[in-house]
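The block underneath contains the structure these notes are about, expressed in structure tokens.
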């Protein structure tokens, strides 16, 4: 009988810990990243490599929202990113949206660099100034190609 009580208590403890992790992971947000106390903005990028729905939107390193939708614009062949921003954050209309990386091997996030305009973006507005993702592999290939190109010209001169 004592074994059954111990097993039930151990099982209840496991379930309680699992529920605690779910609440912590959810952090009070919906799965899409959009909450009732936020508004949507849109930005078009040449490349959204590294981000997906649910990716953090940060301003000065602080999370202020999340990416809620990614879609290809067939007219421009750019990727349109829709993202939420907390209602208490006013984004100037001359701000820049950048797909940044946490480090060489870190994940990507959407960074908002605020401008100096006294006018703010309205809900649903588009951030015109954008900078897409930079491919680390492409940069390394350019570096290797540039280094070998310099060596070839040096050997040709000899």
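The values are calculated or read from the model by the stated rules, or taken from the named source; none is laboratory data. Everything numeric in this text was worked out from a predicted model, so none of it was measured. With ideal geometry, Cβ positions are generated from the backbone for all residues, glycine too; neighbour counts draw on all protein chains shown.
Of note:
- Residue check, residue 156 farther than 27 Å from residue 36 by Cβ, within 11 Å of the chain's Cα centre (by Cα), at pLDDT below 95 and not in a loop (DSSP other than H, G, I, E, B): no
- Single residue of 144, 134 found to be surrounded by 15 or more Cβ atoms within 10 Å (Cβ to Cβ), at pLDDT below 95 and over 16 Å from residue 59 (Cβ atoms): 134
- Evaluation of residue 48 against the conditions (1) in contact with a strand residue (DSSP E or B) (Cβ under 9 Å, 6 or more places away or on another chain); (2) modelled with pLDDT under 80 shows that the sole unmet condition is (2).
- Test: residue in the range 1-8 that is more than 15 Å from the chain's Cα centre (by Cα), outside the structural domain of residue 101 (by TED's automatic domain parsing) and either assigned to a loop (DSSP other than H, G, I, E, B) or at pLDDT 95 or above (or both): yes
- Residue 68 being surrounded by fewer than 18 Cβ atoms within 10 Å (Cβ to Cβ) and either closer than 17 Å to residue 126 by Cβ or free of Cβ contacts under 8 Å to residues at least 40 places away in the same chain (or both): no
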